[in-house]
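The values are calculated or read from the model by the stated rules, or taken from the named source; none is laboratory data. In this text the structure is predicted, and so the values were computed from the model without any measurement. Backbone-built Cβ (ideal geometry, glycine too); neighbour counts: all protein chains shown.
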Amino acid sequence: MNTIKNRVHEILDGYDTSNITIATLCSHTSLQIFHGAKKEGFRTLGIALREPPKFYDAFPLAKPDEFLCLDDYSDIKNKLDELVEKNTIIIPHGSFVEYVGPKDFKSLKIPTFGNRSVLEWESDRSMERIWLEKAGLSMPKEIKNPKDIKMPVIVKYHGAKGGRGFFIAKDYHEFERGVDRRRKYSIQEYIMGTRYYIHYFYSPIKNDGYRLSKGSLQILGVDRRDEANIDEMYKLGSQKELKSYGIYPSFVVTGNVPVVLRESLLPKAFAMGEKVVESSWGIMGGLKGSFCLETVVTDKLEFRVFEISARIVAGTNVFVNASPYADYIEDGLSMGRRIAKEIKYAAETGQLKEIIS
Amino acid sequence: MNTIKNRVHEILDGYDTSNITIATLCSHTSLQIFHGAKKEGFRTLGIALREPPKFYDAFPLAKPDEFLCLDDYSDIKNKLDELVEKNTIIIPHGSFVEYVGPKDFKSLKIPTFGNRSVLEWESDRSMERIWLEKAGLSMPKEIKNPKDIKMPVIVKYHGAKGGRGFFIAKDYHEFERGVDRRRKYSIQEYIMGTRYYIHYFYSPIKNDGYRLSKGSLQILGVDRRDEANIDEMYKLGSQKELKSYGIYPSFVVTGNVPVVLRESLLPKAFAMGEKVVESSWGIMGGLKGSFCLETVVTDKLEFRVFEISARIVAGTNVFVNASPYADYIEDGLSMGRRIAKEIKYAAETGQLKEIIS
Amino acid sequence: MNTIKNRVHEILDGYDTSNITIATLCSHTSLQIFHGAKKEGFRTLGIALREPPKFYDAFPLAKPDEFLCLDDYSDIKNKLDELVEKNTIIIPHGSFVEYVGPKDFKSLKIPTFGNRSVLEWESDRSMERIWLEKAGLSMPKEIKNPKDIKMPVIVKYHGAKGGRGFFIAKDYHEFERGVDRRRKYSIQEYIMGTRYYIHYFYSPIKNDGYRLSKGSLQILGVDRRDEANIDEMYKLGSQKELKSYGIYPSFVVTGNVPVVLRESLLPKAFAMGEKVVESSWGIMGGLKGSFCLETVVTDKLEFRVFEISARIVAGTNVFVNASPYADYIEDGLSMGRRIAKEIKYAAETGQLKEIIS
């Protein structure tokens, strides 16, 4: 990793930092990334397959200035000179990493927002747990041996962030019937409560938010994920009843709903974010920029964190010009725009290497 | 229809198009229609029963400049001279058509936004299905013979958009017990997934959105409907259990919640809108202005379209000054304001006949 | 109460009303209260335990200008001179009243927004019912004798607004198993439908909203509460099934979701607000400022009101700069800002005593 980081920083040294291009892959959170970058005065570039996606025409304020069209996302590694020439900084999002492939992504010799080393820690459920427990967060218990399932659990497969194939089991029998043993899985206690996906931004170079021992932290919004078909299957009858029709719950994210947290939970939410950031320094050289803690709040008003995403997540799409959190920071602040502001400030103050890897 | 259209266009020829009045019936989406029209500089008129509804006093930016009060909505046909004198263009919404009556509405000799011929295609479930299947959209299967019910289905009555009386059945027995045979019904496969009501605007005269072979398309927002009492009945117990108390699910729309779609679904959403518009040209002379596709997204991330509304729908009420879609088009763009902008542009460029019938 | 009111009005007479400080306790809805007050040009003060809560640093537009830190909230009564010196007006919210204690709160000799006498009417379920029935609102039926439970009911404890311990019972047996007889409870018919928490503002001194016989009424927003663990427990299985794991539904508010009401329900919503305000004049000298009706809309499109909160409630946190109701009044109008505007107007026109107790 360090050789790549060194190479990337060499590339950065050659950049005209008054003329940066912000690029990302045309999916996931690209609308707000381009919209925010344009508002901050950056040139923007969309990476797409074969031809420019037509739907940006319908959203002129979020349409990138130009497109780089590839036959296959893996071809991006052959286009780096072109991107470097344009002083490009890439904003990675979940689909970016998934489509380019985690391995290729990690070795891309092109300036990228955030710390790429974070990736392996968030994509492997065991490493993720080590990190979050080191941060002192309260997570759902892990059940090592399926025979120990005595309470409701959720079985999750590694890698897949989309939730495909996840299932709930209440005993060993249900586990056995549901599991696909060819995939790497983990068994988590199912936490009862309401889900909140909290969208943080950590800046190592600005001190205008919630102060950490270095840099500062913000919360820009909160959402809840829509999941097909678990969310609405109750309308049809009980899960027990539906099994006889071969209908089982699934957990595929299809969209997002805006929510706000009870205000008295905010101090706890910031404390969790703080611990995650500070623990990341020793583990992988520091989380930077956007991240999301995926939580359940129980009826004791306690947070349980079941996952971390160490980059911009799709739930931030619920707010563009108005978020009941970002509105207390400044008007019209989306997560995409916050990222653009960070790059702008770093460029202006000669600190790009602090936030780029 | 053509004679009415001709008469309406004659009336339009007599209008002072620099002094148009935007009118609608005081319900449904009237607040945003008046609010948007006022922002675009139009004079506004609210059609109400007996006396001006008091609640507009609480929303000064959405209060119409004047009211036309009727004893009965059907009296509107006796007030056309008055409306014509004020250069009135009517914005029809669901309640407008319902209260005035589809027949009366279709023959009203007054300029009306959009294409009135669309009405019969969207209000009859069989014609609607012909249209949407011709557009190549994937719809829930229709079950002709109730005895063929082998999987969960939803039984819907024709006409009623409100959802009153709809019910779910999982076999013939449940169908028999639930059905009201005096009403015209259709039996649809019940699609598992999450519901998204997508709010489109199609302009035949502007090319600043997603380009079609003529004109262009926008998506301004997405919502999900609240339905009493299906949405929250699970809190009380299973449907099976509740039947013993005589409690059955119902599907009456009481409100709406804002949502966003997974961004990777947007290209599909635009493609669906495009096909609906382009197929409408041959069928009924073209859908114009606002429409809504009522969809379910499955856990395969596929859309199923279960209904179309070919005019502004109440779900657009969730966004006025800030929508996570319209924010990428321009600030403060509600669906009501988009309609007003279309009329303004058409008036300025002499193209009113393209969007009025 | 009258002696306290007289003393408070004496204090007000000594205030420099061009230099008012708005204060509240640092929780609940404090962000929007401070944000709104700052926008209207007030000095702001946060009341906190021990030290200033760090999380305000992350929300600079909502950070109070100064803090008053106490070892215990009950110490506030020893700090009144300091507050009076700063021309302080206190905005009470649910947590304020709960933490300071209803008794202490009622006798605090410091100018407070709204009418403190309302408190005892909203915090005791029997008095609340007397008030709302006097106002002619339709409430869920009360069941006096648990043995008369024949339909689903919800059992609520007095005082606790958080919902802790509430439970559903469908017969006497379920009631017996669930009830904590040491606490004062009431048994309400469980109303099927969808819940809407309607946020009103009543001004006795301004006539720019929905006119009452004195003053005027606004609706600024609507939300729905998230409740752990009732909201999502269905994902795990039926309540019946979950009982065998010792899992029972609970109703603890953890956050809020924005919603809009079907527009045709608005006239009814205003009429309910009107009746609540006008009936309050004879009962306790008048409700003033923010209040919330907590309603269910049935599939007959009828409101049932199950509770009133006679002050700003946390559901208003869903909108700060953009609400699909407040947007029709003026841009960027949160409930916190509406309160600040009322105080500003009253100060400028010499009417503070009309809204302060």
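Checking each residue in segment C:220-243 for being in contact with a Gly (Cβ under 7 Å, 6 or more places away or on another chain), farther than 19 Å from A:Gly237 by Cβ and not acidic (Asp, Glu) picks out C:Arg225, C:Ala228, C:Asn229.
Looking across segment B:1-21, the residues that are among the aliphatic types (A, V, I, L, M) and part of a helix (DSSP H, G or I) come down to B:Ile4, B:Val8, B:Ile11, B:Leu12.
Taken over segment B:91-128, the criterion of being within 15 Å of the chain's Cα centre (by Cα) and among the aliphatic types (A, V, I, L, M) is satisfied by B:Ile91, B:Val97, B:Val118, B:Leu119. Note on segment C:65-93: residues that are touching a helix residue (DSSP H, G or I) at 6+ places or on another chain (Cβ under 7 Å) and assigned to a helix (DSSP H, G or I) total 5. Residue under question is A:Asn115, and the condition is that it be on the phi > 0 side of the Ramachandran plot and either outside the structural domain of A:Arg43 (by TED's automatic domain parsing) or in contact with a strand residue (DSSP E or B) (Cβ under 9 Å, 6 or more places away or on another chain) (or both); does it hold? Answer is no for this residue.
Of the residues C:Glu307, C:Glu330, C:Glu274, C:Glu227, the single one that is within 27 Å of C:Lys141 (Cα to Cα), within 11 Å of chain B (Cβ to nearest Cβ), among the acidic types (Asp, Glu) and outside any helix (DSSP H, G or I) is C:Glu227.
In segment A:37-46 there is at least one residue matching the filter, namely being within 13 Å of another protein chain (Cβ to nearest Cβ) and touching a Cys at 6+ places or on another chain (Cβ under 8 Å).
Residues that are in a helix (DSSP H, G or I), of a type in the set (Gly, Ala, Ser) and in contact (Cβ under 8 Å) with a residue 24 or more places away in the chain within segment C:277-292 comprise C:Ser279, C:Ser280, listed in sequence order. Applying the selection to segment B:252-265, what residues are in a strand (DSSP E or B) and within 14 Å of chain C (Cβ to nearest Cβ)? B:Val252, B:Val253, B:Thr254, B:Gly255, B:Asn256, B:Val257, B:Pro258, B:Val260 - these are the residues of segment B:252-265 that are in a strand (DSSP E or B) and within 14 Å of chain C (Cβ to nearest Cβ).
On inspection, B:Lys54 does not qualify as among the charged types (D, E, K, R), surrounded by fewer than 22 Cβ atoms within 10 Å (Cβ to Cβ) and under 23 Å from the mean Cα position of the chain (by Cα). Within segment B:245-293, the residues that satisfy the criterion of being among the charged types (D, E, K, R) and over 19 Å from B:Arg195 (Cβ atoms) are B:Glu274, B:Lys275, B:Glu278, B:Lys288.
Confirm whether A:Lys268 is in contact with a Phe, Trp or Tyr (Cβ under 8 Å, 6 or more places away or on another chain), touching a residue at least 24 places away in the same chain (Cβ under 8 Å) and either more than 10 Å from chain B (Cβ to nearest Cβ) or closer than 24 Å to A:Lys341 by Cα (or both). Against the criterion (in contact with a Phe, Trp or Tyr (Cβ under 8 Å, 6 or more places away or on another chain), touching a residue at least 24 places away in the same chain (Cβ under 8 Å) and either more than 10 Å from chain B (Cβ to nearest Cβ) or closer than 24 Å to A:Lys341 by Cα (or both)), A:Lys268 qualifies. Applying the selection to segment C:194-224, what residues are charged (D, E, K, R) and more than 9 Å from chain B (Cβ to nearest Cβ)? If the condition is that a residue be charged (D, E, K, R) and more than 9 Å from chain B (Cβ to nearest Cβ), then C:Lys206, C:Lys214, C:Asp223 are the ones that fit. Can you find a residue that is hydrophobic (A, V, I, L, M, F, W, C), within 26 Å of C:Arg337 (Cβ to Cβ) and modelled with pLDDT of 95 or more anywhere in segment C:93-101? No.
Residues in segment C:1-48 that are small (Gly, Ala, Ser) and either closer than 15 Å to C:Met335 by Cβ or not assigned by TED's automatic domain parsing to the domain that holds C:Glu82 (or both): C:Ser30, C:Gly36, C:Ala37. With respect to B:Ile191, determine if the residue is of a type in the set (A, V, I, L, M) and away from every other protein chain (no Cβ under 14 Å). For B:Ile191, the condition - of a type in the set (A, V, I, L, M) and away from every other protein chain (no Cβ under 14 Å) - is not met. The set of residues in segment B:230-251 being facing chain C (nearest Cβ under 7 Å), in a loop (DSSP other than H, G, I, E, B) and at negative phi consists of B:Asp231, B:Glu232, B:Leu236, B:Ser238, B:Tyr245, B:Ile247, B:Ser250. Residues of segment A:22-55 that are in a helix (DSSP H, G or I) and under 20 Å from A:Asn256 (Cβ atoms): A:Ser30, A:Leu31, A:Gln32, A:Ile33, A:Phe34, A:His35, A:Gly36, A:Phe55.
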